[in-house]
Amino acid sequence: MAHTGLPAHLFKSLHLPNPENYNVYLVGSRLWGTNTTTSDWDLLIVGNVPSNQLTSLHKAQYDITLLDRQEFIARVKEGSIIEVICALMRKEDMLQYAFDIGNLLVDSGAIKTWLDHVQIKHPKTFQKRLKQQKQHQEEIAGCGCAH
């Protein structure tokens, strides 16, 4: 999956110089394999981001979140599930690899606390995602193909 060549206009829209200096992760439905033909591309871009930088952008079929390296690392340590998954990705599974984030210890207790918080704060969204994930797993199990 790595190095798919992101459109240059995305980096320009975010006013990011030197686009080759950022790690780009695919997140959302395309990561989980639950995307449809109308799904957008959810991207997490991580690098050295100035504090006055735009941090998100929805443009055409892209939904982009931009994080500074330190904010990304802080979110991993807090147990934020998307950032944890991205931190555990191999570089060949990233859309773009620019730098190693180092060996981060992932605290399962922090992940549980984060998940509990999400369940309380957004119970309908959490239940909807669980239902989608279960349906996807059932589809995989019923297709008779190797995964």
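The values are calculated or read from the model by the stated rules, or taken from the named source; none is laboratory data. All figures in this text were calculated on a predicted structure; none of them were measured in a lab. Cβ atoms come from the backbone with ideal geometry, glycine included; neighbour counts cover every protein chain shown. For accessibility, only protein heavy atoms count, side chains too; no ligands or nucleic acids. Shrake-Rupley method; radii C 1.70, N 1.55, O 1.52, S 1.80 Å.
What to note about this one:
- Within the stretch 51-62, the set of residues being within 22 Å of Pro7 (Cβ to Cβ) and open to solvent by 60 Å² or more (accessible area, probe 1.4 Å) comprises Leu54, Thr55, Ser56, His58, Lys59, Ala60, Gln61.
- Residue satisfying condition, being in contact with a Pro (Cβ under 9 Å, 6 or more places away or on another chain) and either in the same structural domain as Glu20 (by the TED database) or not aliphatic (A, V, I, L, M) (or both), within set Asp100, Asp68, Asp40: Asp68
- Single match in His58, His15 (criterion: outside any strand (DSSP E or B) and of a type outside the set (Phe, Trp, Tyr)): His15
- Complete set of residues in the stretch 71-94 that are in a helix (DSSP H, G or I), surrounded by fewer than 18 Cβ atoms within 10 Å (Cβ to Cβ) and charged (D, E, K, R): Glu71, Lys77, Glu78, Lys91, Glu92, Asp93
- Screening the candidates Ile111, Ile82 for the property of being among the β-branched types (Val, Ile, Thr) and in contact with a Gly (Cβ under 7 Å, 6 or more places away or on another chain) yields one hit, Ile111.
- For the stretch 9-46, a residue qualifies if it is over 16 Å from Glu92 (Cα atoms), touching a Ser or Thr at 6+ places or on another chain (Cβ under 6 Å) and either open to solvent by less than 40 Å² (accessible area, probe 1.4 Å) or of a type in the set (A, V, I, L, M) (or both), and the qualifying residues are Ser29, Ser39.
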